[in-house]
Amino acid sequence: RDEEPRLTLDGRYMTQFGGLSAFAEKMLVHEHALVKIREDMPLDRAALIGCGVMTGAGAAINTAKVEPGSTVAVIGCGGIGLSAINGAAIAGAGRIIAIDMLGAKLNLARQFGATDVIDASQGNVVEQVRELTGGGVHYSFEAIGLKQTAEDAFKMVGTGGVATVIGMIPMGTMVAVHGAELLQEKRLQGSLMGSNRFRVDMPRLVDFYLDGRLHLDEMISDHIRLEDINQAFDNLREGGVARQIIMMDS
């Protein structure tokens, strides 16, 4: 519901991006946005779960409901894509194909559970996936947010397959599919925050990490100070990092 902002600075209301303001040193949140986690969970690792990891892993586990022994393809190996790979591995997928244009990210994808990798800059990705799997995967995930990759995700699933779009496709962009492919009982769907039940899934993902099944250490490219935030954004633009942790007490 609409409410007046509860934070002020010099008598002026302060708005919070997404209700959180991740780069703020202090924030005010509703009690419904809080969840208790185990005290032995390192907070710099827990910070990763709340958005990107929950979104990616949840898309595989909750939204698509990846089944044991199934085949999976993930387009985009940033933090969310890597989490989708990890989630598919936790769900028991038998084959997980990681797709990206950066060799460093494809190498990292193997650490998260990818069994195969495809360099998207080399040839037709859809054809390569269909050739590797003998007709297409059971589940595909788009973790970039582009029209072309969303359409490719749908094309690379086989009969009865499910393509899940996680990436934020720009407003107003239309995604097209060939009508005849719908007769193969293929589905295209979206996922918001990994279809999570926060107070159930957050503690469960913490348990997965402490049990060694959820790979958070490997996702951290660097710990930085808030003063270095501009350099961190430059690192993101260059594409060489997965996640950078801002240490407010450094």
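Here, each number is a calculation from the coordinates, and none is a lab measurement. On a predicted model such as this, the values are computed, not experimentally measured, just so you know. Because the Cβ atoms are built from the backbone with ideal geometry, glycine has one as well, and the counts that use them run over all protein chains shown.
Data for the structure
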read-out: Sites residue 12 and residue 211, calculated FRET efficiency, Cβ-Cβ separation with R0 41 Å, nearest 0.05; value: 0.30
read-out: Nearby aspartates and glutamates by direct alpha-carbon distance to residue 36 (threshold 17 angstrom, same-chain neighbours under 8 apart not counted); value: 44, 201, 207
read-out: Proximal charge balance of residue 149 [Cβ under 12 Å; K/R count +1, D/E count -1]; value: -2
read-out: Counted charge near residue 160, where neighbours are those whose Cβ lies closer than 10 Å (Asp, Glu -1; Lys, Arg +1); value: +1
read-out: Burial order of peptide ranges 91-99, 42-50, 143-151 (average beta-carbon count within 10 Å, highest first); value: 91-99, 143-151, 42-50
read-out: 17 Å cut-off, amide nitrogen to a point 7 angstrom out along residue 111 Cα→Cβ, residues in segment 74-88; value: 77-87
read-out: Cβ crowding within 10 Å averaged over residues, with 204-211, 237-244, 25-32, 55-62 ranked highest first; value: 55-62, 204-211, 237-244, 25-32
read-out: Which label in (i) 36; (ii) 48; (iii) 23 gives the computed percent of Cα pairs over 28 Å apart; value: (i)
read-out: Computed lengthening from residue 174 to residue 122, 0.36 nm per intervening residue step minus Cα-Cα distance; value: 16.1 nm
read-out: Segment 35-113: mean projected area of Cα convex hull, nm²; value: 5.6 nm²
read-out: Extension gain from residue 102 to residue 185, taking 0.36 nm per residue of separation minus the Cα-Cα distance; value: 26.6 nm
read-out: Cα-projected label distance for residue 245 with residue 131, points at 7 Å along beta-carbon direction, nm; value: 4.1 nm
read-out: Options 89, 183, 154, ranked by Cα towards positive dipole end of segment 46-195, top entry (Cβ charges); value: 89
read-out: 9 Å beta-carbon shell around residue 99, net charge (K/R +1, D/E -1); value: -3
read-out: Relative contact order computed over segment 1-155 (Cα-Cα under 8 Å; 6+ residues apart), in percent; value: 18 percent
read-out: Order of 105, 65 under a 10 Å beta carbon neighbour criterion, fewest first; value: 65, 105
read-out: Peptides ranked, highest mean first, by Cβ atoms within 10 Å: ranges 72-82, 162-172; value: 72-82, 162-172
read-out: Förster radius 22 Å - calculated FRET efficiency between residue 39 and residue 199, Cβ distance, rounded to 0.05; value: 0.85
